[in-house]
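**Student:** One structure is given below, represented as structure tokens, and several questions about it will come after.
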Amino acid sequence: MLSTDVCIVGGGPAGATLSHFLHKRHIDHVLIEKDAFPRDKICGDGITLDVLNVLLRIDPALRHKFATAPGMLPSWGFCFRAPNGKELRYDFRDDGFEYAPFYTARRLELDQFLIETLPENGSGELWLNTKVTDLEPKADGVEVAYQNHAGHHRLKAKMVIGAEGEKPVVTKALGLPHYRQKPNLIAALRVYYQGVTGFNEGNHLEFFFDKKLLPGYFWAFPLENKSANVGLGMVSTAISKRKVNLKKLLPVVMEQNPHVKVMFEEAEALEKPKGWGLPTLTKAREIGGNRYALIGDAGGMIEPFTGKGIGTGMMSARICSEHIAEALETKNYDLSSYADHMYRYYKSEIRAGYALQKTLQFPPMLNSVIGLSNLGPVKNWSHQKMVREWQRWM
Ligand SMILES: Cc1cc2nc3c(=O)[nH]c(=O)nc-3n(C[C@H](O)[C@H](O)[C@H](O)COP(=O)(O)OP(=O)(O)OC[C@H]3O[C@@H](n4cnc5c(N)ncnc54)[C@H](O)[C@@H]3O)c2cc1C
């Protein structure tokens with residue numbers, strides 16, 4: 001049986017990032033991905049500055065390569081549109097950033113970028129078209145059952161890292177709790193469009209908190225070549241309680257919200273709406289333990305208000321790599337220290353995210369929060385605060 005120090009299950013942003021960090025630390029590993037690349041992933045395609053931060057930590061040249069790669073569109077701000085139609089817009093073009101704080105890129109391109117920039121002849125191997133089917137914990141490691149074109153095989157790993165996204169295999173195989181719990185799950189749809197008009201010149205990310213959609217939101221993110229990523233999402237408990245059909249709600253918002261409608265007058269959908277789940281950050285998940293850790297969506301790393309999960313997933317990979325290195329050094333393969341580290345790191349985002357998620361249930365409160373944030377001195381203060389924090393990150 002083949003053996004390795006670390007087996008990573010899933011080659012999305014979280015798994016690929018972990019492979020980058022393990023290469024950097026010269027740690028022997030195998031990255032197993034069930035699909036051929038490039039492959040699509042249902043997403044909003046909004047890339048936040050934590051992605052740039054993680055790329056910088058892998059290698060400043062990699063961050064530069066990302067920012068200048070074809071298909072990556074710099075986005076210099078964002079806009080929250082309140083239920084009463086008022087907008088709260090931030091633009092960072094004059095704040096002296098070397099790189100835009102946000103980018104958009106189809107996941108087909110982002111995920112391919114992260115995979116194709118993995119070092120050749122490094123300390124790890126990438127196995128595409130290979131599906132992990134089961135895990136069997138043993139006293140001295142974990143046996144990973146996998147399937148490829150040549151049949152069924154097994155690999156022995158000192159540690160297994162689940163990075164297989166929202167439909168977890170590792171969680172199930174290890175019998176871990178908190179699998180797809182509705183209060184910590186958002187459901188969302190994506191549709192690619194051509195010909196959406198009215199985007200800000202700085203390619204801002206546009207969020208619409210439409211009354212009909214609360215406690216959820218509609219987004220329109222500009223992409224290269226005048227295309228756009230459009231979608232909507234809502235917390236799963238609200239979907240069940242209100243028996244909402246997101247596919248039916250999408251055209252309602254597009255036809256009835258005056259700010260959305262005007263953007264779509266000449267637009268053409270390039271595909272049918274496609275849905276996927278977003279598991280949100282919660283301490284209730286066991287994301288690290290004896291010889292295993294969960295990163296990215298497999299560990300529910302999505303920020304509960306905005307739904308961003310690419311950057312948090314990549315950050316979880318970076319943090320996990322530190323604990324893997326320590327485990328190999330000390331020969332203590334219990335990765336629960338990774339879980340503690342993650343929750344310390346994201347404590348305030350978890351608190352703020354769920355608090356803001358709650359305001360989505362009360363349109364007048366959301367109107368007030370957005371209205372107050374728009375007052376000159378308050379907006380100035382929050383703008384400067386973001387700039388200061390982000391400058392530290394970039
Ligand atoms: C509609 C929608 C909009 C979103 N918008 C945004 C956004 O704008 N910005 C943002 O930051 N986040 C967004 N997110 C969240 C983001 O898409 C995820 O957080 C992100 O994809 C997580 O990356 P990951 O690597 O953990 O998982 P994934 O990207 O899902 O990658 C998992 C990989 O594992 C592979 N895999 C699965 N099972 C196996 C197996 N058995 N064996 C081997 N490989 C396997 C899969 O093929 C896949 O390639 C959105 C999500 C949705 C659903």
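The values are calculated or read from the model by the stated rules, or taken from the named source; none is laboratory data. Source: prediction; values computed, not measured. In this analysis, Cβ positions are derived from the backbone assuming ideal geometry, glycine residues included, and neighbour counts consider all displayed protein chains. In case anyone asks, the SASA skips ligands and DNA or RNA and just uses the protein heavy atoms, side chains included. Shrake-Rupley method; radii C 1.70, N 1.55, O 1.52, S 1.80 Å.
**Student:** So in region 93-104, with the set limited to residues that are surrounded by 21 or more Cβ atoms within 10 Å (Cβ to Cβ) and part of a loop (DSSP other than H, G, I, E, B), which one is farthest from the ligand (Cβ to nearest atom)?
**Tutor:** Step one: list which residues in region 93-104 are surrounded by 21 or more Cβ atoms within 10 Å (Cβ to Cβ), which gives 100-104.
Still in the list and also part of a loop (DSSP other than H, G, I, E, B): 100-101.
Numbers: 100: 15, 101: 13 Å.
Going through the qualifying residues, I end up with 100.
**Student:** If you don't mind, another one. Hey, could you check region 278-320 for residues that are of a type in the set (S, T, N, Q) and open to solvent by 10 Å² or more (accessible area, probe 1.4 Å) and say which is farthest from the ligand (Cβ to nearest atom)?
**Tutor:** The initial filter retains those residues of region 278-320 that are of a type in the set (S, T, N, Q), namely 280, 282, 290, 306, 312, 316.
Filter once more, keeping what is open to solvent by 10 Å² or more (accessible area, probe 1.4 Å): 282, 290, 306.
On the way: 282: 14, 290: 21, 306: 8 Å.
So, considering only residues that are of a type in the set (S, T, N, Q) and open to solvent by 10 Å² or more (accessible area, probe 1.4 Å), the one farthest from the ligand (Cβ to nearest atom) is 290.
**Student:** Ok, one more. Using the structure shown, decide if residue 275 is within 16 Å of the ligand (Cβ to nearest atom), exposed (fewer than 14 other Cβ atoms within 10 Å of the Cβ) and modelled with pLDDT of 95 or more.
**Tutor:** yes
**Student:** Tally the residues that are surrounded by fewer than 20 Cβ atoms within 10 Å (Cβ to Cβ) and in contact with a helix residue (DSSP H, G or I) (Cβ under 6 Å, 6 or more places away or on another chain), restricting the search to region 70-84.
**Tutor:** Matching residues across region 70-84 total 2.
**Student:** List the pairs whose first member sits in region 153-167 and is on the phi < 0 side of the Ramachandran plot and open to solvent by less than 50 Å² (accessible area, probe 1.4 Å), whose second member is of a type in the set (Phe, Trp, Tyr) and part of a loop (DSSP other than H, G, I, E, B), and whose Cβ atoms are under 7 Å apart, counting only residues at least 6 apart or on separate chains?
**Tutor:** 159/333
**Student:** In region 166-184, what residues are in a loop (DSSP other than H, G, I, E, B), over 15 Å from residue 293 (Cβ atoms) and within 15 Å of the ligand (Cβ to nearest atom)?
**Tutor:** 166, 167, 179, 180
**Student:** Anything in region 340-356 that is within 18 Å of the chain's Cα centre (by Cα) and touching a residue at least 24 places away in the same chain (Cβ under 8 Å)? List them, or say none.
**Tutor:** 342, 343, 345, 346, 349, 350, 352, 353, 354
**Student:** When residues of region 216-237 are filtered for being away from the ligand (no atom under 16 Å from the Cβ) and in contact (Cβ under 8 Å) with a residue 40 or more places away in the chain, how many remain? Don't jump to the end; show me each part of the working.
**Tutor:** Initially, region 216-237 is screened for residues away from the ligand (no atom under 16 Å from the Cβ), giving 225-226, 237.
With in contact (Cβ under 8 Å) with a residue 40 or more places away in the chain added as a condition, the list becomes 237.
Adding up the residues that qualify gives 1.
**Student:** Let me ask another. Which residue, of 391, 361, 357, is part of a loop (DSSP other than H, G, I, E, B) and either of a type in the set (S, T, N, Q) or surrounded by 14 or more Cβ atoms within 10 Å (Cβ to Cβ) (or both)?
**Tutor:** Details: 391 fails: part of a loop (DSSP other than H, G, I, E, B); 357 fails: part of a loop (DSSP other than H, G, I, E, B).
Going through 391, 361, 357 in turn, just one is part of a loop (DSSP other than H, G, I, E, B) and either of a type in the set (S, T, N, Q) or surrounded by 14 or more Cβ atoms within 10 Å (Cβ to Cβ) (or both): 361.
**Student:** Tally up the residues in region 59-69 that are in a helix (DSSP H, G or I), away from the ligand (no atom under 15 Å from the Cβ) and either open to solvent by less than 10 Å² (accessible area, probe 1.4 Å) or among the charged types (D, E, K, R) (or both), please.
**Tutor:** Going through region 59-69 one residue at a time, the tally reaches 2.
**Student:** Of the residues in region 115-150, how many are among the β-branched types (Val, Ile, Thr), open to solvent by less than 40 Å² (accessible area, probe 1.4 Å) and within 10 Å of the ligand (Cβ to nearest atom)?
**Tutor:** Initially, region 115-150 is screened for residues among the β-branched types (Val, Ile, Thr), giving 115, 117, 130, 132-133, 142, 144.
After this cut, where a residue has to be open to solvent by less than 40 Å² (accessible area, probe 1.4 Å) as well, the list is 115, 117, 130, 132, 142, 144.
With within 10 Å of the ligand (Cβ to nearest atom) added as a condition, the list becomes 115, 130, 132, 144.
The number of residues fulfilling the criteria is 4.
**Student:** Also, quick follow-up: Tell me which residues, restricted to region 302-316, are in a helix (DSSP H, G or I) and in contact with a Gly (Cβ under 9 Å, 6 or more places away or on another chain).
**Tutor:** Filtering region 302-316 for residues in a helix (DSSP H, G or I) gives 310-316.
Across region 302-316, the qualifying residues are 310, 312, 313, 314, 316.
**Student:** How many of the residues making up region 114-148 are assigned to a strand (DSSP E or B) and hydrophobic (A, V, I, L, M, F, W, C)?
**Tutor:** Taking region 114-148 first, the residues assigned to a strand (DSSP E or B) are 124-127, 131-138, 141-148.
If we keep only those that are hydrophobic (A, V, I, L, M, F, W, C) too, we end up with 126-127, 132, 135, 142, 144-145.
Here the count works out to 7.
**Student:** While we're looking at this one, here's another question. State whether one or more residues within region 105-113 are under 30 Å from residue 328 (Cα atoms), of a type outside the set (S, T, N, Q) and not in a loop (DSSP other than H, G, I, E, B). Step through it out loud before you land on a result.
**Tutor:** Within region 105-113, the first condition is being under 30 Å from residue 328 (Cα atoms), and the residues that meet it are 111-113.
Then drop every residue that is not of a type outside the set (S, T, N, Q), which leaves 111, 113.
Next, only the ones that are not in a loop (DSSP other than H, G, I, E, B) stay: 111, 113.
Scanning region 105-113 turns up at least one residue that is under 30 Å from residue 328 (Cα atoms), of a type outside the set (S, T, N, Q) and not in a loop (DSSP other than H, G, I, E, B).
**Student:** When both residues are 6+ apart or on different chains and their Cβ atoms are under 8 Å apart, which pairs have a first residue that lies in region 271-299 and is free of Cβ contacts under 8 Å to residues at least 60 places away in the same chain, and a second that is crowded, with 23+ Cβ neighbours inside 10 Å and among the aromatic types (Phe, Trp, Tyr)?
**Tutor:** What qualifies is 287/338; 288/338.
**Student:** Looking only at region 15-52, which residues are near the ligand (Cβ under 9 Å from one of its atoms) and open to solvent by 10 Å² or more (accessible area, probe 1.4 Å)?
**Tutor:** The answer is 33, 34, 35, 37, 39, 41, 42, 43, 44, 46, 48.
**Student:** When you go through (1) open to solvent by 40 Å² or more (accessible area, probe 1.4 Å); (2) hydrophobic (A, V, I, L, M, F, W, C); (3) more than 16 Å from the ligand (Cβ to nearest atom); (4) part of a loop (DSSP other than H, G, I, E, B) one by one for residue 56, which number turns out not to apply?
**Tutor:** Exception for residue 56: condition (4).
**Student:** Moving on to the next point. Condition test on residue 207, is it open to solvent by 10 Å² or more (accessible area, probe 1.4 Å) and in contact with a Cys (Cβ under 7 Å, 6 or more places away or on another chain)?
**Tutor:** Numbers: open to solvent by 10 Å² or more (accessible area, probe 1.4 Å): yes; in contact with a Cys (Cβ under 7 Å, 6 or more places away or on another chain): yes.
Spelling it out, residue 207 is indeed open to solvent by 10 Å² or more (accessible area, probe 1.4 Å) and in contact with a Cys (Cβ under 7 Å, 6 or more places away or on another chain).
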